Structures are given as C-alpha cells and as structure tokens.
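Have a look at the structure below before the remarks.
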Amino acid sequence: MSVEAILDSLPEFAKDLRLNWTSLMNSNELSDTQKWGSLVAAAYGARNARLLAAVEAEAVSHIPPEVIQGAKGAAAIMGMNNIFYRFHHLSDTEKYSTMPARLRMNIMRTHGADQLDFEFWSLVVSAINGCGKCVNSHERVLLQKGVPEEAILAGVRIAAVVHGVAATLDVLPAA
C-alpha cells in the first residue's frame with residue numbers, strides 16, 4: 001500500500017493528519033535527504049509496519065539505500081538509547097550519570113550517511129520516544145553545526161505527524 005493510499009484510508013477524524021502530511025511534503029525547510037530520512041526514521045520509530053513499508057517504498061525514489069539504512073539505524077539505536085537516557089533523566093540518582101552505559105553504539109560511527117543527517121534523524125526519533133536528554137543532546141549538536149531552528153522544528157513536525165498517522169493506523173483494522 002502506498003503512502004497516499006494509507007493517507008486516503010484514514011477516517012475523517014484524522015483529516016488533519018492528511019493535510020499536515022501534504023504540508024510536510026511541500027515544505028522546503030529540509031533537504032530531500034533530511035526529509036525522507038526523517039520520514040523513514042520516524043516511521044520506524046513510530047512502530048507501524050504498514051506505514052514503515054509504505055514510507056520506505058516511496059523513499060527509495062528520493063534517497064539512496066545507504067541513507068535509508070542510516071535512517072533506520074538512527075531509529076534502532078535511539079530505540080535503545082532513549083530508554084537508557086530517559087531513565088537517567090527521570091531518576092534522582094545522580095550516580096547513574098557517572099557510570100558507563102556499556103551499550104554498543106557502533107552504528108553511530110558506521111551508518112554510512114552524513115553525520116549531521118544521522119544526528120537529525122536521531123533527534124526526530126528521540127522526539128517520538130520522549131527522551132528529553134537525547135532531544136537536548138542532538139538538538140545542541142545540530143544548532144552548533146549551524147542547523148537553523150526552523151529546520152529542527154520541521155523535523156519534529158515530521159515526527160509528530162508520522163506518529164499521529166501510525167497511532168491512528170494502530171487502532172484501525174488492516175485494509
């Protein structure tokens with residue numbers, strides 16, 4: 001099923017999601033790599049197989065396979081890191097922050113995509129997963145590297161809309 005077919009299948013109460021998706025696709029704050037990588041990472045992070053399959057199928061005509069793999073790698077590693085570092089953020093025990101994570105994170109160096117884009121996708125997934133510590137960390141890096149706030153917010157907008165579509169699909173029967 002295509003992204004368009006999925007959006008068309010959404011009930012009337014989810015009309016805003018369709019309209020917002022169209023706005024996202026027509027926005028110019030992000031490069032195609034940032035936009036489509038964010039869509040892939042967000043769909044992966046939002047955990048809806050139908051949406052992920054549709055987004056990934058469409059992404060192949062916009063970005064190369066190594067970028068898709070990098071976006072999926074960002075989603076996978078953030079699925080782990082967001083839990084670990086959200087615990088740090090939520091716990092009052094300061095000692096945890098001084099202890100080593102002892103979690104493998106090799107994908108952060110070996111993803112094959114542009115490092116700045118990987119940071120961007122990591123922020124997108126961290127927003128979905130609600131990890132304040134990771135959001136702050138990735139946002140700080142992006143701002144230090146010159147990514148404008150408008151682009152960062154555009155990525156978070158993608159996270160929000162993709163998550164909304166995925167959540168709606170999760171409660172609807174498969175077509």
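The values are calculated or read from the model by the stated rules, or taken from the named source; none is laboratory data. Keep in mind that this is a model prediction, so the values were computed, not measured. Neighbour counts run over all protein chains shown; Cβ positions are idealised from the backbone, glycine included. All accessible areas refer to the heavy atoms of the entire protein, side chains included, with ligands and DNA or RNA removed. Shrake-Rupley method; radii C 1.70, N 1.55, O 1.52, S 1.80 Å.
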Sort the following peptides by mean Cβ neighbour count (other Cβ atoms within 10 Å, averaged over residues), highest first: 32-40, 19-27, 96-104.
32-40, 19-27, 96-104
Once neighbouring chains are kept in place and the probe is 1.4 Å, which whole percent of the accessible area of the range 13-153 is contributed by carbon and sulfur?
53 percent
List the aspartates and glutamates whose Cα sits under 19 Å from the Cα of K35, skipping any in the same chain fewer than 8 residues away.
E4, E56, E58, E66, D114, D117, E119, E139, E149, E150
How many angstrom separate the Cα center of the range 112-135 from the Cα center of the range 72-95?
12 Å
Candidates (i) 64; (ii) 51; (iii) 56; which is the computed percent of Cα pairs over 20 Å apart?
(ii)
Along the charge dipole of the chain, which of G112, A59, M25 sits closest to the positive end, that is, farthest toward it, with unit charges on the beta carbon of Lys, Arg, Asp and Glu (+1, +1, -1, -1)?
G112
Accessible area of the chain divided out per residue, in Å², using a probe of 1.4 angstrom
53 Å²
Cut-off 10 angstrom, C-alpha nodes, Gaussian network model of the chain. Which of H89, H138, H163 fluctuates the most?
H89
Under a GNM of the chain (C-alpha, springs under 10 Å), which listed residue has the highest mean-square fluctuation: G70, G155, G79?
G79
